[in-house]
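Have a look at the structure below before the remarks.
Values in this text are rule-based calculations from the coordinates and carry no lab data. The structure presented is a predicted model; accordingly, all values stated were derived computationally and were not measured. Virtual Cβ from ideal backbone geometry, glycine too; neighbours counted across all protein chains shown.
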Amino acid sequence: MKKVKIGMLGLGTVGSGVYKTLKRFDNVEIVKISVKNIDKPRNIEGLDESILTTDVYSIINDPEIDIFVEVIGGVNPAWEYISAAIKAGKHIVTANKELLAKKGKELFELAEENNRVVLYEAAIAGGIPLIMPLKTILAGNDITKIEAILNGTTNYILTKMDVEGASYNDVLKEAQELGYAETDPTGDVEGFDAMYKITTLSTIAFGQRVDVNKVYREGISKVRAEDMKAANELGYKIKLVAIARICEDGRVDVRVHPTLVPKKATLAHINYVTNAVGMSGYPIGDIVLSGPGAGEFPTASSVIGDILNIAAEIETTDYPLPMMRCKHSDDANIVPISETYNKYYISITAPNNKGVIGKIGTVCGNKNISVSSIMQKGVSENNTADITVITEVCKEADIQAAISELDGCNINSLIRVM
Ligand code: HSE
């Protein structure tokens, strides 16, 4: 049997998982792996070190190699190498969510011009089968809504804060010590990772290109232990939720932010590093796909599925995998966050003056905001009161205006409610 030859860029966590598990298949073979440092000690059982190179172009320019697997992440230099590999006639398998979100349009146009396929199952929610199902078996649906937990690091931190009553900083520090969070956690905790993923996921699901620069993003670093406790008392969990929905006027609302999720919702029960993607559409109705969103082997599972999918096709057709290609060309009209409608949780610390609760109610009423619940449990020793408000659905611009009018009150947190 002729083996399909593969060149891989990167041999970190994901690359190692791909190398180890792909050995079980005899129709595909990794023949070269490009690494930054060839002398780095690697604990990969059975690794044939003779296939390592520091010269990416020795893969790109090798006519025997059919599939270029990129598992280094980031836009540069991944984009340079991937675009060169496509021009050199290679199909691409990538786990690079940032590249897809920022360069998706150019990437898929270039691939189509060269009749090459780009598969990226591993880029969004790691091991959860998502892209292939959306493009194939769900192709007959109009997907109108996605609500997803797409980042394991933040879900781990929020779960620990919930279970232990601990502060964000304490849990982050512990997660870093255990290797669950990166030394520089910004990409995860400030929501960039989830933003890249929902950008591509909503683009595919809605068939309209979502501009990553227009996606509203807020991370979890300001979520307080007190908010977790209050949310629990009110019947919610706090999760970093990536949301995308088609509005009645046809515009697309896409964002990532901490969200109070009702305890009865499936997403409230997705804990630690697990990811979950809820989608609604016609005719399917509501579905939730859940599983490991990161890690060596779950991510390798998706990369390998993509490799085997391409390998099975390239010997038999000169237009492989038509359903997996990018077919949309319209740009989505994105709703600015100020024009979105949400329920809100507001945590306020106010001086213990007469009429404070009344003032909050009046300011909200004047801004067309209806209060759903308001809670104050006594007065603290320093003569201030902690007040928790949940609103009914109202406009973001109105809640921001109301908050700026609550002078004298300290707004501890403003979190949207699902
Ligand atoms: N850093 C991501 C997470 C995994 O924490 O979920 C890779 O996309």
key: Note, ³J(HN,Hα) from phi for the range 355-361, Karplus 6.51, -1.76, 1.60, rounded to Hz, x at Gly and Pro   = x, 5, 4, x, 5, 4, x
request  = Rounded to the nearest 10 degrees, what's the angle between the helix 396-405 long axis and the longest principal axis of the chain, both from Cα atoms, 0 to 90?
outcome  = 40 degrees
task = Compute the acute angle (0 to 90°) between the alpha-carbon long axis of helix 97-113 and the principal axis of greatest extent of the alpha-carbon atoms of the chain; round to the nearest 10°.
result = 40 degrees
task = Towards the positive end of the charge dipole of the range 131-292, with charges on Cβ (+1 Lys, Arg; -1 Asp, Glu), say which of I238, Y180, V163 has the farthest Cα.
result = I238
message = Taking the alpha-carbon distance from K354 and a cut-off under 20 Å, which aspartates and glutamates remain once sequence neighbours fewer than 8 residues away in the same chain are dropped?
response = E381, D386, E405, D407
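Would you please give the FRET efficiency between K222 and E106, computed as 1/(1 + (r/R0)^6) with r the Cβ-Cβ distance and R0 = 35 Å, to the nearest 0.05? Present the calculation step by step, with values, prior to reporting the outcome.
On the way: r = 35 Å, r/R0 = 0.99.
The pair K222/E106 has a calculated efficiency of 0.50.
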ask   = Cα axis of helix 152-164 to longest principal axis of the chain: angle in degrees, 0 to 90, nearest 10?
value = 40 degrees
Karplus 3J(HN,Hα) series, Hz, for the range 38-44 with 6.51 cos²θ - 1.76 cosθ + 1.60 (x for Gly, Pro) = 6, 8, 4, x, 10, 9, 10
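Beta carbons within 10 angstrom, averaged per residue: use that to sort the peptides 225-231, 359-365, 156-162, highest first.
Values: 225-231: 20.1, 359-365: 17.6, 156-162: 22.4.
Packing proxy ranking, top to bottom: 156-162, 225-231, 359-365.
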5 angstrom amide H check on I33, placed H, neighbours 5+ away = M8, L52, T53
remark   = Cross-link reach from K395 to aspartates and glutamates, straight Cα distance under 12 Å and at least 8 residues apart if same chain, gives E339
For the chain, the spread of Cα positions along each principal axis, largest first, Å = 82, 47, 32
ask   = Taking +1 at the Cβ of each Lys and Arg and -1 at the Cβ of each Asp and Glu, which of V4, I270, F206 sits farthest along the dipole of the chain towards its positive end, judged by Cα position relative to the Cα centre?
value = I270
